[in-house]
Every structure is written in structure tokens, then in C-alpha cells.
Amino acid sequence: MAKTSEKRREETRDRIIIAACELFSKYGYHNTQVMDIVKAVGMSAGTFYNYFKDKRDLFAQIAHQNLYELRRRIKKLREPVNIWDHGDRVEKLNASYGAYFDYISSHRQQFLMLRGSLGVDEEMDAIIRKHYSDIAQDLANDIQNWLDIGIIENLNPLPTAYAVVGMTMHLGDSILLEEKFTRDEAIATLTKMSHLMFESHLTELGRKALEETQKNKTEVPG
């Protein structure tokens, strides 16, 4: 009985979140009220407040969940990466940056709300800083691993990771607010910059591995 009750609670919570996401996307956060959400779900306001303190709490939980899923997706896209293979590195970089821009495109209102809260709303600020910090830490761990196996050298993992995440966030802002370049242009630029930085720190072992990989790909079987 307890398991059935818990399952029903999860299902109800999910229904609220799904309805809220649709309404936030269609009308915006400020133009969507709790009563709009409960009407869309078909429940009482009292039931809503059994799950969330208010609309702001609901939004914060949705943002937390979506950013967690974004981080998980990016990690999955990068694993496994054949770090010795130029082509595989480029493919994984494209996919990772693509996942981020897919997120901001499909969660435009959420992204702009969160970015606008930086330095203004402590709770929202903490949410976005934590998740972007986690994404940067994942990248820093990868960089440290590449240092440990000897393919790159003389690169400080954490500042480098934060710089990459910062550039990506800024381009995301520009795409949504200024529209001076396309998603594909942003991905191509970030991928190229990341790869150039990576190759500028290759060790001798890394350079030889890169040359060998490129040689094998260009050789035509006799």
C-alpha cells in the first residue's frame, strides 16, 4: 500500500511539472499563475500546495531537474571518448555543445529566468551556479585524466573548464537575445576553439598518437 501511495504521489507531481513546463513555455513564467497550472492538471489548489510551496518553488525544482538531466546527458555523450582520435574528439565536442544549445532552445524561458537571476535572486542563483559548477567539474576531471595519461601537459584543469563553460553560456545568451549568429555557428566555433586549445597542449606522445591516427585514416589499402 505504501509503495502504491508513493507512486501516485510521484505521478501527481510529474503531472504538475509537465503542465507547468507547457504553460511556462507558452505564456512565460510571470504570466502563468498557480491557478492556471491546477486547472490544466484538473486538481485543487490545495493539492498543488501539498507538493510545492508556491510557483517559485515549482520553477526552482523544474530548473534543478532539467539542469541535472543536462549534466547527465553531456557526461553520457562524452563517454567513452577515444582521446587519441582527432575525429572522435571533434564528434564528442560537437555532441556536447549541441546538447547544451538544445537545452536553451527548448527551455528558453527557464534559461533566461535563471540567467537573469544571477546576483539578484539567491535561491535561483545557487541553482544555476551549482549545476554549471558541476558541469565544469566534470570537464576538469576529464582534463586531469588526459594529463595523467600523458596526452596533454601544462594545462590547469579547473580554470580551463570554467572558461569553456563560461564561453558556452555567453554564446547561449547571445543566440537567444541578439541572434547575431546561429546555433551551428556557435557549436562550430566552440568545437574549433576547444580542439585548438587541446592540441596546443599536446605532449610529444600525444602528437605522435595524433599523427599516427591521421596517417592510418589517410592510408588506402593496397
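The values are calculated or read from the model by the stated rules, or taken from the named source; none is laboratory data. Remember, it's a predicted structure, so these values are computed and weren't measured experimentally. Here the Cβ positions follow ideal geometry from the backbone for every residue, glycine too, while neighbour counts run over all protein chains shown. The protein model used for the area step is the full one, side chains on, heavy atoms only, and it has no ligands, DNA or RNA in it. Shrake-Rupley method; radii C 1.70, N 1.55, O 1.52, S 1.80 Å.
Need pairs with beta-carbon distance below 7 Å; first residue under 17 Å from residue 20 (Cβ atoms) and within the stretch 100-115, second outside any helix (DSSP H, G or I); sequence gap 6+ or separate chains.
109/28; 109/29; 113/29
Could you grab me the full set of residues in the stretch 45-77 that are charged (D, E, K, R) and open to solvent by 40 Å² or more (accessible area, probe 1.4 Å)? Even if it seems obvious, please write down each step before you answer.
Step one: filter the stretch 45-77 for residues charged (D, E, K, R), giving 53-57, 69, 71-73, 75-76.
Across the stretch 45-77, the qualifying residues are 53, 54, 56, 69, 71, 72, 73, 75, 76.
Take the stretch 78-97 and flag every residue that is within 17 Å of residue 215 (Cα to Cα) and out of contact with any helix residue (DSSP H, G or I) (no Cβ under 8 Å at 6 or more places or on another chain).
Listed by number, the list holds a single entry, 88.
Residue-by-condition table, conditions (1) over 20 Å from residue 86 (Cα atoms); (2) at pLDDT below 95; (3) out of contact with any Leu (no Cβ under 7 Å at 6 or more places or on another chain):
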site	(1), (2), (3)
120	yes, yes, yes
124	yes, yes, no
130	yes, yes, yes
145	no, yes, yes
149	no, yes, yes
158	yes, no, yes
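Which residues, taken from the stretch 177-201, are more than 19 Å from residue 91 (Cα to Cα) and either surrounded by 14 or more Cβ atoms within 10 Å (Cβ to Cβ) or in contact with a Pro (Cβ under 8 Å, 6 or more places away or on another chain) (or both)?
Across the stretch 177-201, the qualifying residue is only 201.
Restricting the search to the stretch 45-95, which residues are assigned to a loop (DSSP other than H, G, I, E, B), among the aromatic types (Phe, Trp, Tyr) and under 14 Å from residue 34 (Cβ atoms)? Explain how you work it out, then say what you get.
From the stretch 45-95, those assigned to a loop (DSSP other than H, G, I, E, B) are 49-54, 79-85; that's our starting set.
So of that shortlist, the ones also among the aromatic types (Phe, Trp, Tyr) come out as 49, 51-52, 84.
Residues satisfying the conditions are 49, 51, 52.
Count, please, the residues in the stretch 60-97 that happen to be within 25 Å of residue 14 (Cα to Cα) and among the hydroxyl-bearing types (Ser, Thr, Tyr).
Residues that pass the stated criteria total 1.
Of the numbered conditions (1) more than 17 Å from the chain's Cα centre (by Cα); (2) charged (D, E, K, R); (3) surrounded by 18 or more Cβ atoms within 10 Å (Cβ to Cβ), residue 92 satisfies every one except a single condition; which is it?
Result: residue 92 fails condition (1) only.
Just the residues that are touching a residue at least 24 places away in the same chain (Cβ under 8 Å) and not in a helix (DSSP H, G or I), please, taken from the stretch 16-34.
Once the filter is applied, which keeps residues that are touching a residue at least 24 places away in the same chain (Cβ under 8 Å) and not in a helix (DSSP H, G or I), the stretch 16-34 yields 28, 29.
I'd like the full set of residues that are buried (at least 17 other Cβ atoms within 10 Å of the Cβ) and within 29 Å of residue 168 (Cβ to Cβ), limited to the stretch 30-44.
Selection gives 32 alone.
Of everything in the stretch 145-170, what is under 21 Å from residue 129 (Cβ atoms) and either touching a residue at least 40 places away in the same chain (Cβ under 8 Å) or open to solvent by less than 30 Å² (accessible area, probe 1.4 Å) (or both)? Give them in sequence order. Reasoning before the result, please.
Taking the stretch 145-170 first, the residues under 21 Å from residue 129 (Cβ atoms) are 156-170.
Those that are under 21 Å from residue 129 (Cβ atoms) and either touching a residue at least 40 places away in the same chain (Cβ under 8 Å) or open to solvent by less than 30 Å² (accessible area, probe 1.4 Å) (or both): 157, 160, 161, 164, 165, 168, 169.
Of all residues in the stretch 187-212, how many are in contact with a helix residue (DSSP H, G or I) (Cβ under 8 Å, 6 or more places away or on another chain) and not in a helix (DSSP H, G or I)?
1
Does residue 122 satisfy the condition of being in contact (Cβ under 8 Å) with a residue 40 or more places away in the chain, surrounded by fewer than 15 Cβ atoms within 10 Å (Cβ to Cβ) and not β-branched (Val, Ile, Thr)?
no
When residue 206 is evaluated against the numbered criteria (1) open to solvent by 80 Å² or more (accessible area, probe 1.4 Å); (2) at pLDDT below 95, which criterion, by number, is the only one it fails?
Unmet for residue 206, out of (1) open to solvent by 80 Å² or more (accessible area, probe 1.4 Å); (2) at pLDDT below 95: (1).
Considering each of 51, 100 in turn, give the residue that is under 18 Å from residue 12 (Cα atoms) and touching a helix residue (DSSP H, G or I) at 6+ places or on another chain (Cβ under 8 Å).
51
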